[in-house]
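Since the structure comes first, as structure tokens, the remarks are kept for the end.
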Amino acid sequence: MVTLGQLVSLTGSRAMAFAMGVWVYLQTGSVTQFSVILITALLPGLLVLPLAGAAADRWDRRLLMIGGEVVNAAGTGLCLAAYATGSLRLWHIYVAAALGSIASSFQQPAYLAAVAQLVPKQYLGRVNGILQTVMAVSQAAGPLAGGALIVAIGLRGVMITDLATVAVALATLLAVRFPDLLFRHREETVWKEIAGGLRYIARRPSFVAMVVFFLGYNLVLGIALALLPPMVLGTGGAGTLSVTTMIGALGGVAGGVAMALWGGLARRATGMIGFVALTGAGLVIAGLRPQAAYPIVGMALVMASIALINGHWQTMIQIKVGMELQGRILATNRMTANLTEPLGYVCAGWLADSVLAPTGDGWFGTGPGRSLASALIILGGLHIVLAAAGLRWRRLRYLEDILPDAVPGAVVTWDRDRLQREADDLR
């Protein structure tokens, strides 16, 4: 029930984000302004992730998710009020994107950290595949709904619909209570918990290697994701971008379903690294030709690869990290590994507006948008090289052998009194 509510809310948020992004680009014609939206939708959330992770380990996760929905609704309400009075400006959209980013950063660690408490270790890969499927379904339905709604009922209608989806999510969270498992009174402060998350990763070289690997991956991906929409808008318009985003997200659904049915590779690190090559292949295909089919297929492969990468990564964290630390470690790992993605957006805006010229010829073809397409092909090649290098990095590839498992094999719930008795019996 909670997952269904989150799916509805995520779909509404993505529908509004799509409509707002198209509105900004069509109003300004600037890739830089478009990139700024991407930055404000990511960077504030990254900066608060350590605090969000500590909060997920310390406080009621259900209340954290409820608070996130309220904050997200506040950003949408601000834009709706400004639009209704005819005073909607770019800064309103930036504020709404930032609030949504912060809200998501508190919701995701709380949601993900509860999974390992409820699911036996051998099923974690499949369950994470289901979670990736839910995310991908929202990515597919959101842009499609955004494109359809902005034509049918206008930007105001899209914002009202987003608020309605938030109400659905809040209703499910208010109706369902999360189990409080393995929680106890904590003597350390929140800031010590944040420092503890950073220290936990820093003291494990294999986790440091994983962070470094994803710093490179997300830098290249950030540039590519910021360049692709202007490239598609330049050759096919908003309708083509809507279809590209929707079909691309369906690729994410396929990746999530595959992970759910398959469970992933037995060696999670190999899957986490190897599917980066699939991201690269998707970017290369997206830039090959100006016809709409190429970016559509390319984005489907990119989103499928991201679902598979995340499914393997989340499973590995859930297995290798103790349950009471998972909120902070998931959040801290994501923050450090994603710090380069906003830098990628900045680089994309500069490249597109000052170097590449969005409507100009490129190295791999002539015509509108081919300069951006050529950049995507090069970025895809870099991802393939990164995957090959990661598979040769022993500290990263053999992470599972280096770090011991922290999660028991087939435990679903715990009773601390029983655990104490069992521990006493072993003396």
How many residues of region 357-386 are open to solvent by 20 Å² or more (accessible area, probe 1.4 Å), out of contact with any Phe, Trp or Tyr (no Cβ under 9 Å at 6 or more places or on another chain) and at pLDDT 60 or above? The answer is 4
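Yes/no per residue for (1) surrounded by fewer than 18 Cβ atoms within 10 Å (Cβ to Cβ); (2) in contact (Cβ under 8 Å) with a residue 24 or more places away in the chain:
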{"position": "Gly21", "(1), (2)": "no, yes"}
{"position": "Leu47", "(1), (2)": "yes, yes"}
{"position": "Arg62", "(1), (2)": "no, yes"}
{"position": "Met65", "(1), (2)": "no, yes"}
{"position": "Val70", "(1), (2)": "yes, yes"}
{"position": "His92", "(1), (2)": "no, no"}
{"position": "Ser105", "(1), (2)": "no, yes"}
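Would you pick out the residues in region 49-60 that are among the charged types (D, E, K, R) and either open to solvent by less than 30 Å² (accessible area, probe 1.4 Å) or closer than 14 Å to Ser101 by Cβ (or both)? Break it down into steps so the answer makes sense when it comes.
To start, the set of residues in region 49-60 that are among the charged types (D, E, K, R) comprises 57-58, 60.
Residue satisfying the conditions is Asp57 alone.
Could you go through region 407-417 and let me know if any residue there is charged (D, E, K, R), modelled with pLDDT of 55 or more and open to solvent by less than 90 Å² (accessible area, probe 1.4 Å).
The first filter runs over region 407-417 and keeps only residues charged (D, E, K, R), leaving 415-417.
If we keep only those that are modelled with pLDDT of 55 or more too, we end up with none.
No, the conditions are met nowhere in region 407-417.
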Subset tally (residues that are farther than 30 Å from Ala19 by Cβ and free of Cβ contacts under 8 Å to residues at least 60 places away in the same chain) for region 197-245: 5
Any residue in region 254-265 that's farther than 14 Å from Leu131 by Cβ: show its pairings with residues that are small (Gly, Ala, Ser) and surrounded by 18 or more Cβ atoms within 10 Å (Cβ to Cβ) at Cβ separation under 6 Å, as long as the two are six or more apart or on different chains. Ala254/Ala304; Leu265/Gly271
Tell me, yes or no, whether region 165-183 has at least one residue that is modelled with pLDDT under 70, part of a helix (DSSP H, G or I) and among the β-branched types (Val, Ile, Thr). no
So is Ala209 among the small types (Gly, Ala, Ser), surrounded by 21 or more Cβ atoms within 10 Å (Cβ to Cβ) and part of a helix (DSSP H, G or I) or not? no
Matching residues in region 30-52 - criterion: being of a type in the set (Gly, Ala, Ser), over 24 Å from Met246 (Cβ atoms) and at pLDDT below 75: Ser30
For region 240-292, name all the residues that are open to solvent by less than 50 Å² (accessible area, probe 1.4 Å), closer than 18 Å to Leu379 by Cβ and not in a helix (DSSP H, G or I). Phe275
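The values are calculated or read from the model by the stated rules, or taken from the named source; none is laboratory data. Nothing here was measured: the structure is a model prediction, and the numbers come from that model. Note: ideal-geometry Cβ built from the backbone for every residue, glycine included; neighbour counts use all protein chains shown. These area figures cover heavy atoms from the full protein model, side chains too; ligands, DNA and RNA do not enter into them. Shrake-Rupley method; radii C 1.70, N 1.55, O 1.52, S 1.80 Å.
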